[in-house]
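Working notes, structure below.
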Amino acid sequence: MTTERVSDQTKFAYWVPNVSGGLVTSDIEQRTGWDYEYNKKLAQTAERVGFEYALSQVRYTASYGAEFQHESTSFSLALLLATERLKVIAAVHPGLWQPGVLAKLGATADHLSNGRFAVNVVSGWFKGEFTALGEPWLEHDERYRRSAEFLQVLRKLWSEDEVEFAGDFYRIRDFTLKPKPRVVPELFQGGNSTAARDNAGRYSDWYFSNGKDFDGVTEQLLDVRRTARAAGREVKFGLNGFVIARDTEKEAREVLREIVAKANKPAVKGFRAAVTQAGASASDSKGMWADSSFEDLVQYNDGFRTQLIGTPEQIAERIVSYRRRGVDLILAGFLHFQEEVEYFGAKVLPLVRELEAATAEVELEVAV
């Protein structure tokens, strides 16, 4: 089953490991560093092998294996200045950021990077971060109402003069941002609930989904794009996936087995308790991680569910199958980032392009 909109080519992004502990909550070896020098080299490698985006994570305090964290916007800017083409997406929390301040930072980052700065608006699931910093913790749907205003204010400040906005959370009075960005930064937003999907359809450029199988992706895509069409808009779709690419499927499956077998059970259980509360608090009980198993949560954005696990040929075929269903971008995580991003660029990405080209030829023949 396909949606009405299908991208010409899949774009690729990777999770920036600017937080310690890697992308799986497991005691398995992860040859991945969270320091700047490691990430600078990784960004340059990713850009060279064909990745178009990188997403800097946002954590403010130690939690569930993430003992140390670099701040996302400053880290993103550093990576932008170390690269030439890579677009870097900084994750931010409304409530911990004032949209006017972020808009100013974003405009500067845009000028410094020649239009490569983007923002991922994260409504928040970790109550402990907000309370530790003395910020009010809102219930689920209220957090998404705040994010809706946050997204609207950012876009207005980046594209309009004499901005007026009177919301329940933010008030802007006759404010003009100068200089404006040369390229209005792309706005990403994730979530799973009805509130998250509505925000994406109405206000975001991109919707980020946790890991999903084919049916899960199709259901979300149709819902988000239905909302977008009703608002006269178009929204692109990004899908999280943890990539385990090996020369044989047996090797790849053994790596997955070892990751789960060596899971840091107290950390995963603690994370599960926190996100279960967050998901259950959604008015429709469809919040993030509402149906995630213990194994799913070892990769904390359900990355195993996307099943990008196997040989380069198997992974490429699955990626193209997601593209046919309307997925525009794969947000990839890896166990050993530097070497596996290199392997992905050499072994998987060329196969994806070959399969996409072959599919396009068939579609053209059918159209003719």
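In a DSSP loop and with at most 14 other Cβ atoms within 10 Å, the GluC sites (Glu not before Pro) in region 162-259 are E162, E234. For the chain, adding -39500 (n - 2.57) for each run of n ≥ 4 DSSP H residues and dividing by the number of residues yields -14000 deg cm²/dmol at 222 nm. Based on the Stokes-Einstein relation at 25 °C and a viscosity of 0.890 mPa s, and on the Kirkwood radius from alpha carbon pairs, region 99-224 is assigned a translational diffusion coefficient of 156 µm²/s.
In the chain, taking the dipole from charged Cβ atoms about the Cα centre, the farthest positive-side position among F208, L297, L177 is held by L177.
Per-residue extension of 0.36 nm, minus the Cα-Cα distance of Y36 and T108, leaves a gain of 23.8 nm for this segment. Counting 0.36 nm for each residue step from E254 to R353 and taking away their Cα separation leaves a gain of 32.9 nm.
Residues in region 86-128 average 28 Å² of solvent-accessible surface per residue, probe 1.4 Å, ligands and nucleic acids excluded. Distance between the modelled labels on A132 and I28, one decimal in nanometres: 2.7 nm (7 Å Cα→Cβ projection).
At a Förster distance of 45 Å, what's the computed FRET efficiency of R324 paired with Q44, Cβ-Cβ distance as r, to 0.05? Efficiency for this residue pair is about 0.90. Straight-line reach from K347: taking Cα to Cα under 27 Å and skipping same-chain neighbours fewer than 8 places apart, the lysines in range are K11, K40, K41, K87, K212, K236, K250. For Cα pairs less than 8 Å apart in space and 6+ apart in sequence, what is the mean separation divided by the residue count of region 45-194, i.e. the relative contact order in percent? Across region 45-194, relative contact order equals 22 percent. Each Cα pair under 8 Å and six or more residues apart adds its separation to the average, and for the chain the resulting relative contact order is 22 percent. Report the residue, chosen from D198, D174, D291, that carries the largest GNM mean-square fluctuation when the chain is represented by alpha-carbon nodes joined by springs under 10 Å. Checking each option, the largest mean-square fluctuation is seen for D174.
Couplings for region 160-165, taken from phi via the Karplus curve 6.51 cos²θ - 1.76 cosθ + 1.60 with θ = phi - 60°, read 10, 9, 6, 6, 10, 8 Hz in order; Gly and Pro are left as x. Put a dot 7 Å past the Cα of E84, heading toward its Cβ, do the same for H336, and the two dots end up 2.9 nm apart. Extension gain for the segment D223 to A346, taken as residue separation times 0.36 nm less the Cα-Cα distance, is 40.8 nm to one decimal.
Apolar share of the accessible surface for the chain: 50 percent from carbon plus sulfur atoms, 1.4 Å probe. A crude spin-label estimate for the pair E139 and E295, with each label 7 Å from Cα along the Cβ direction, gives 3.6 nm. Sorting 154-161, 13-20 by their mean Cβ neighbour count within 10 Å, with the most densely packed peptide first, gives 13-20, 154-161.
Here the 3J(HN,Hα) profile of region 297-304, calculated from phi with Karplus coefficients 6.51, -1.76 and 1.60 at θ = phi - 60°, is 7, 4, 9, 6, 10, 6, x, 5 Hz, Gly and Pro shown as x. All alpha carbon pair distances within the chain were sorted into 20 Å bins beginning at 0; the resulting P(r) in whole percents reads 29, 62, 9, 0. DSSP assigns beta bridges within the chain; of those with both partners inside it, close to 15 percent run antiparallel. Accessible area per residue for region 138-272, computed on protein heavy atoms with a 1.4 Å probe, is 45 Å². What the phi angles of region 200-214 give under the Karplus curve with 6.51, -1.76 and 1.60, with θ = phi - 60°, is a coupling list of 4, x, 8, 10, 9, 8, 9, 10, 9, 10, 4, x, 8, 7, 4 Hz, glycine and proline written as x.
The values are calculated or read from the model by the stated rules, or taken from the named source; none is laboratory data. Source: prediction; values computed, not measured. Quick reminder, even Gly has a Cβ in these numbers, built from the backbone with ideal geometry, and neighbours come from all protein chains shown. Ligands, DNA and RNA are stripped out before the accessible areas are found, and what is left, the full protein with its side chains, is counted by its heavy atoms. Shrake-Rupley method; radii C 1.70, N 1.55, O 1.52, S 1.80 Å.
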